[in-house]
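The values are calculated or read from the model by the stated rules, or taken from the named source; none is laboratory data. All figures in this text were calculated on a predicted structure; none of them were measured in a lab. Glycine gets a Cβ as well: all are built from the backbone with ideal geometry, and neighbour counts include every protein chain shown. These accessible areas exclude ligands, DNA and RNA; they are computed on the full protein's heavy atoms, side chains included. Shrake-Rupley method; radii C 1.70, N 1.55, O 1.52, S 1.80 Å.
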Amino acid sequence: MPDLSVRVLLFDVLRRELGASELDAAVPAGATAGDLLDRLAEAHAPVARHRPVIRLAVNRRYVPAETALDDGDEVALITPVSGG
């Protein structure tokens, strides 16, 4: 099966540490948001470091890691924001 192409949006600490606000990624057909997160964690140390606290959103909706991805989806990696 062909790969799916997804757009990954980065916020806050991931944006700063990776030096980008978005990435393009390819995952196999049938992949989930969690599969994508696993691949990104393997490829990028900051994602691996923050993986336990990253929330996922697909097409602007928070989703569980088991959510299947479709070609062209927009996946946001959202980390907690500290403030005060």
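Observations, loosely collected:
- Applying the criteria of a DSSP loop state and at most 10 other Cβ atoms within 10 Å to the trypsin sites (Lys or Arg not before Pro) of the chain yields Arg60.
- Arg55/Ala29 FRET efficiency (R0 41 Å; Cβ-Cβ; nearest 0.05): 0.95
- Answer label, with Rg and Dmax of the Cα atoms in Å calculated from the coordinates and candidates (i) 20.4, 62; (ii) 14.5, 51; (iii) 12.1, 48: (iii)
- Distance between modelled label sites at Val81 and Arg15, nm, 7 Å Cα→Cβ extension: 0.9 nm
- The range 34-84: GluC sites (Glu not before Pro) in DSSP loop, at most 14 other beta carbons within 10 Å: Glu66
- The amide H of Glu22, built 1.01 Å from its N in the peptide plane, has Leu10 as neighbours under 5 Å, considering only residues 5 or more places off or on other chains.
- 1.4 Å probe accessible area per residue over the range 8-81, in Å²: 56 Å²
- Between the Cα long axis of helix 33-43 and the first principal axis of the chain there is an angle of about 70°, rounded to the nearest 10.
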